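Written out below as structure tokens is the structure these notes cover.
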Amino acid sequence: MKPKEMFDACYARYRTMRNFLGGHVAAVDLDSPSEGYRWRPERARAEEYVADFERIALRTLARPEWKGRQKLFRLYFLRRIEYRRAITLCGVCPNTFDYWFAEVKKSCGRAFARTGLYPPNRYFQTREACTEQHAQSDHDPRAAAAD
């Protein structure tokens, strides 16, 4: 799959999770993990996805020469400002905006695949698999004896 399509899949899940959270993201307590994937994931896991999406993308775009691309990402993708208004706020011509837009999607798509954010379904199932393994080792006396 192309990096731009990977970005689109992750961004669609990001927007869904953002709407699910009502635009509010609270602090995440890493000491109490979620139960895993459900059709509507646990609120903490949805918050983790939203935070990871933003953190990974902003870190990917953190190059000094990419300040404009980072601004585009914040305005257009995170704040969801309308296309024409985002061009004006970025202070570039439409062709430059479109070129940066494609670069942002490509760079972030690669980063999402590399860090495990893509595919989104696997991101939510990862916690479930870890929880199941942990639960089995807690109930299996042979696993405890091996430690």
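FYI, it's all coordinate maths here, none of it is from the lab. Everything numeric here is computed off the predicted structure, so don't read it as measured data. Glycine gets a Cβ as well: all are built from the backbone with ideal geometry, and neighbour counts include every protein chain shown.
Observations
- Classification of region 55-94 by its C-alpha gyration tensor yields an oblate form. The axis ratio a/c (a ≥ b ≥ c) is 1.5 or more, and b/c is at least a/b.
- Surrounding net charge for Ala102, when Lys and Arg each add one and Asp and Glu each subtract one, Cβ distance under 15 Å: +2
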